[in-house]
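Notes follow the structure.
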Amino acid sequence: MKHILTLGDLDRGTIHTTMETNGYTSKTKLLKSSIKNWWTIIDILKADENKELLVMGKFTEYVLFLFNLDEYKEVGQELLNLIQERKHLIFIYHNNFFGDFSCIKKNLWTDEVLEVDDEGDFIGYRKVDNSLEAWLIKYQDKTSPKEYLIKVANFIHRINKQGLNIIPYRKLVEIEIAGQKFIESIDQGLLFQLYVPKQRIWSDELDKFIVMFRDFASNVTDDDVKVVQNRTDRGITFSIYSASKKVNSDNIEELFNEFTKFLDLCVQDPKSAIEVLESTTQIPKESIPPLISKYSKEAKRLMVDMKHERERKLLLIKHELENDISEVEIGIDVAELLNNNLPMLNTPSDLLKNGNYTQNQTVILNPQYINKVEGIVSREIHGNIDFTFEDKQLSEIIEKYAEDKAELALLKSSHNELKDKSLPKSTKTVAWQKLQKFLNKAGEKIGDVGVHLLKKYLEGQLDL
């Protein structure tokens, strides 16, 4: 029997229907409660010795404030540690996620807190003072309200950065969408999803890259890893599944990072690629040389294909540009201009960058023709998805601050999904949630103004 522990009231029944459809039983515990009740939740998690229990929860503003009280510190940290050891999904309201709390504007909360007995059973609700200041006095916390708000915001940033699977939401329906996808992906053995726009530069080569990863994952894990392609008018979603579930969503990103490093070494330093397989996999030593030979050959072939695709795109752009501006005297050779603006890839894993082009070339052209150059090059790089100035900023931030190649690939994929108007709202909602999570994690490096502007921009894209 499969079990899910839900913390808080998650939805209007949709998630529970999905649980039942996929054969799960559920137990709900409330976090807006006393310390005694929190310890009963910990007892449930500790009884799950094989860590098979799924955990889904909602950290409301009130619950977030409880986590930061001194008397909840021990039980709160124990609870977070146990949750993180299991497959889990935690929802936080998007304003709270970025440090904006309702009590700043209203100085009000709901005026009841759950009371339970020593066994954790429901007794009733206890009335509480509804101001933050009075609330802190009640719990004998000497922190000022202003300092406490900063403390809570830092707590959210810390648990997000440390790897707790948190995603923001604005409406209950966004919890329902993400919750259903979470349950179904685990039940189906879904490991990884990447979305590639049609006509994007190197889209065919990225397709080959993903197939090579599937083959690599099957070899090093002795699992039947499959790739399923779902095509829309504007792009392709590659879904990678584990048939036996020997590989799971917890270790697939590490495996993907190992693969990108391995494949790059197959091109640059095959001897080091042997060392990678020997140190990170259980493949018998006698089987490694044939694998290295196979992947080196395929990786070098891929690099040739990438080079030819770039040359083909350069020629297409050059012809289109020359037709448009043939009557204008150009200060530098068109080919040189384009060569400086079209990305150059040096390793197979550079395919994951999605191709940001540089704009640091000084060109003696009428501004309207500079715009044409940028427009044509952008279209050939990004395919049939229009990238705005904000999109270019976000893309550059992702490339700069993504922690590894797996996160880079997933964030680029989410960015493209959010821009594809032909995708369903549910898919775009999940993509938005992943990008918002990244903005929170990288916020210190981006700066408050940058985070605020990109957050608003992403919300606007979701509502289109």
Cut-off is 10 Å between beta-carbons; in what order do K51, K151 appear when sorted fewest neighbours first? K51, K151
Grab the Cα-Cα distance for K294 and Q188, subtract it from 0.36 nm times how many residues apart they are, and report the gain in nm with one decimal. 35.1 nm
Using a Förster distance of 22 Å, the FRET efficiency for L80-E20 (Cβ separation, nearest 0.05): 0.20
Calculate, axis by axis, the spread of Cα positions in region 2-185 along the three principal axes, and write the results as whole Å, longest axis first. 47, 35, 29
Whole-Hz ³J(HN,Hα) from phi, Karplus 6.51 cos²θ - 1.76 cosθ + 1.60, for region 192-198, glycine and proline x: 7, 9, 10, 10, 10, x, 5
Rg (Å, one decimal) plus Dmax (Å, integer) for the alpha carbons of region 191-331? 19.0, 65
Working note, region 239-303: Cα radius of gyration (Å, one decimal) and Dmax (Å, whole number) are 12.6, 34
Under 25 °C and 0.890 mPa s, how fast does the chain diffuse according to Stokes-Einstein, given a Kirkwood radius computed over C-alpha pairs? Answer in µm²/s, whole number. 99
Quick one: which of 258-265, 287-294 comes out on top by average Cβ neighbours within 10 Å, and what's the full order, highest first? 258-265, 287-294
Quick one: M56, M1, M344, fewest Cβ neighbours within 10 Å first, how do they rank? M1, M344, M56
Antiparallel bridges, percent of DSSP beta bridges restricted to the chain (to nearest 5): 50
At 0.36 nm per residue, and after removing the present C-alpha to C-alpha distance, how many nm does the segment from V211 to E403 gain when stretched out fully? 66.8 nm
Work out from phi, with θ = phi - 60° and the Karplus expression 6.51 cos²θ - 1.76 cosθ + 1.60, the ³J(HN,Hα) of each residue of region 234-245, listed in order in whole Hz, and give x for Gly and Pro. 10, x, 10, 9, 9, 10, 10, 10, 9, 5, 8, 6
Once you place label points 7 Å from the Cα toward the Cβ at Q282 and Y457, how far apart are they in nm? 4.6
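The numbers here are math on the coordinates, done by the rules we state, and not lab data. Note that the structure is a prediction, hence the values are computed from the model and not measured. Here Cβ is always computed from backbone atoms with ideal geometry, including for glycine, and neighbour counts include all displayed protein chains.
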